[in-house]
């Protein structure tokens, strides 16, 4: 990305990208660049070691955690959620399984339903975001609401289902969900810069998320998101830690080969070429799987990270703005002849 004619650099300039871009081909580092500010007020720059919120990009950590517990024999993919959580989910269809929650086919109501709400901030009118610090705090946002459809009927992306999966992790491990992931996913993957941090107590080196307003001003996202993320989203990572995560996952350091393959199986189709495994999106064509990827969008957050098995390329784009990661990722894919 040193040439002034580089397409990705042009995209970065045109979109006023704020964040970090990291590309590896095998172990070779191809790109490691950061742009704009982690803190606009004090003009503190983003760096390759900056921690970024990744929103739903961390659902794959939840899926890994569940697969670890299945591998240990503590539950099965066809275990019913009611048998794990009892009265917490007794008003939902009793046939809902772990597999259906992992693949967004459970039909449970979502706490942020894009068919009903346009603005994520609408959630916090009745339940202030500063009260949302544990998985239990999310339950009143969707418990008691009617099912969206019968379990297994179709794919419909769902955050609440992953909250329930996190509660299963807590019930079976005896740890808080975030402690479990930090100990059993981040630690073995050597993701030493990553964690689940409270937005009103962020550690040094963490980017604030920015929401750009129509009048040219901006605000941070501290009043737009839960105070602490959980099993459906909200972890903070460095771009380098995502590279280490993919390396650990495909190196079977987090799960055995058998369970890694289960997680990475295209279990359900969203459209003709896009599938969903357990916590991971999968692109597949007539030649087989071309891309495993995760993504996340929240106010002040845009994130994409993927592994491309044919080229042995890893790309991570972290941004502390609501938009920007996808156009940079797409241009990098084109520049690297991945598409």
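The values are calculated or read from the model by the stated rules, or taken from the named source; none is laboratory data. Everything numeric in this text was worked out from a predicted model, so none of it was measured. Because the Cβ atoms are built from the backbone with ideal geometry, glycine has one as well, and the counts that use them run over all protein chains shown.
Could you list, in sequence order, all residues of the range 269-298 that are touching a strand residue (DSSP E or B) at 6+ places or on another chain (Cβ under 9 Å), outside any strand (DSSP E or B) and surrounded by 21 or more Cβ atoms within 10 Å (Cβ to Cβ)?
Narrowing the range 269-298 to residues touching a strand residue (DSSP E or B) at 6+ places or on another chain (Cβ under 9 Å): 269-270, 273-277, 279-284, 289-298.
After this cut, where a residue has to be outside any strand (DSSP E or B) as well, the list is 270, 273, 277, 279-280.
The answer is 277, 279, 280.
Please go through the range 236-246 and pick out each residue that is in contact with a strand residue (DSSP E or B) (Cβ under 9 Å, 6 or more places away or on another chain), part of a helix (DSSP H, G or I) and over 14 Å from residue 23 (Cβ atoms). Working first, answer last.
At the first step, the residues of the range 236-246 found to be in contact with a strand residue (DSSP E or B) (Cβ under 9 Å, 6 or more places away or on another chain) are 236-243, 245-246.
Retained after the next criterion (residues that are part of a helix (DSSP H, G or I)): 239-243, 245-246.
Once the filter is applied, which keeps residues that are in contact with a strand residue (DSSP E or B) (Cβ under 9 Å, 6 or more places away or on another chain), part of a helix (DSSP H, G or I) and over 14 Å from residue 23 (Cβ atoms), the range 236-246 yields 241, 245.
Take the residues in the range 153-190 that are under 15 Å from the mean Cα position of the chain (by Cα) and outside any helix (DSSP H, G or I); name whichever of them is surrounded by the fewest Cβ atoms within 10 Å (Cβ to Cβ).
157
Residue by residue through the range 247-268, note down the ones that are assigned to a loop (DSSP other than H, G, I, E, B), closer than 18 Å to residue 62 by Cβ and out of contact with any strand residue (DSSP E or B) (no Cβ under 9 Å at 6 or more places or on another chain).
253, 254, 255
Within the range 59-75, is even one residue closer than 20 Å to residue 335 by Cβ and in contact with a helix residue (DSSP H, G or I) (Cβ under 8 Å, 6 or more places away or on another chain)?
Just the residues of the range 59-75 that are closer than 20 Å to residue 335 by Cβ, to begin with: none.
For the range 59-75, residues closer than 20 Å to residue 335 by Cβ and in contact with a helix residue (DSSP H, G or I) (Cβ under 8 Å, 6 or more places away or on another chain): absent.
Which of the residues spanning the range 39-78 are part of a loop (DSSP other than H, G, I, E, B) and in contact (Cβ under 8 Å) with a residue 24 or more places away in the chain?
Within the range 39-78, the subset part of a loop (DSSP other than H, G, I, E, B) is 40-43, 46-50, 54, 72-78.
40, 46, 47, 48, 49, 50, 54, 74, 75, 77, listed by residue number.
Can you tell me how many residues in the range 202-219 are in a strand (DSSP E or B) and either under 20 Å from the mean Cα position of the chain (by Cα) or free of Cβ contacts under 8 Å to residues at least 24 places away in the same chain (or both)? It would help to see each step written out before you state the result.
To start, the set of residues in the range 202-219 that are in a strand (DSSP E or B) comprises 206, 210-212, 218-219.
From what's left, either under 20 Å from the mean Cα position of the chain (by Cα) or free of Cβ contacts under 8 Å to residues at least 24 places away in the same chain (or both): 206, 210-211, 219.
Of the residues in the range 202-219, 4 are in a strand (DSSP E or B) and either under 20 Å from the mean Cα position of the chain (by Cα) or free of Cβ contacts under 8 Å to residues at least 24 places away in the same chain (or both).
Can you find a residue in the range 35-49 that is surrounded by 20 or more Cβ atoms within 10 Å (Cβ to Cβ) and either at pLDDT below 95 or touching a helix residue (DSSP H, G or I) at 6+ places or on another chain (Cβ under 9 Å) (or both)?
No, the range 35-49 has no match at all.
In the range 163-201, which residues are out of contact with any helix residue (DSSP H, G or I) (no Cβ under 8 Å at 6 or more places or on another chain) and touching a residue at least 24 places away in the same chain (Cβ under 8 Å)?
Keep residues of the range 163-201 that are out of contact with any helix residue (DSSP H, G or I) (no Cβ under 8 Å at 6 or more places or on another chain), which gives 174, 178-179, 182-183, 187, 197-199, 201.
178, 197, 198, 199, listed by residue number.
Mind listing whichever residues of the range 191-201 are assigned to a loop (DSSP other than H, G, I, E, B) and in contact with a strand residue (DSSP E or B) (Cβ under 7 Å, 6 or more places away or on another chain)? Give the steps one after another, and end with the answer.
Of the range 191-201, the ones assigned to a loop (DSSP other than H, G, I, E, B) are 191-194, 196-197.
Within the range 191-201, 191, 193, 194, 196, 197 qualify.
For the range 326-334, state whether one or more residues are under 29 Å from residue 167 (Cβ atoms) and modelled with pLDDT under 95. Talk me through it step by step, then tell me what you get.
Narrowing the range 326-334 to residues under 29 Å from residue 167 (Cβ atoms): none.
No, the range 326-334 contains no residue that is under 29 Å from residue 167 (Cβ atoms) and modelled with pLDDT under 95.
Looking only at the range 194-212, which residues are over 17 Å from residue 230 (Cα atoms) and buried (at least 17 other Cβ atoms within 10 Å of the Cβ)?
206, 207, 208, 209, 210, 211
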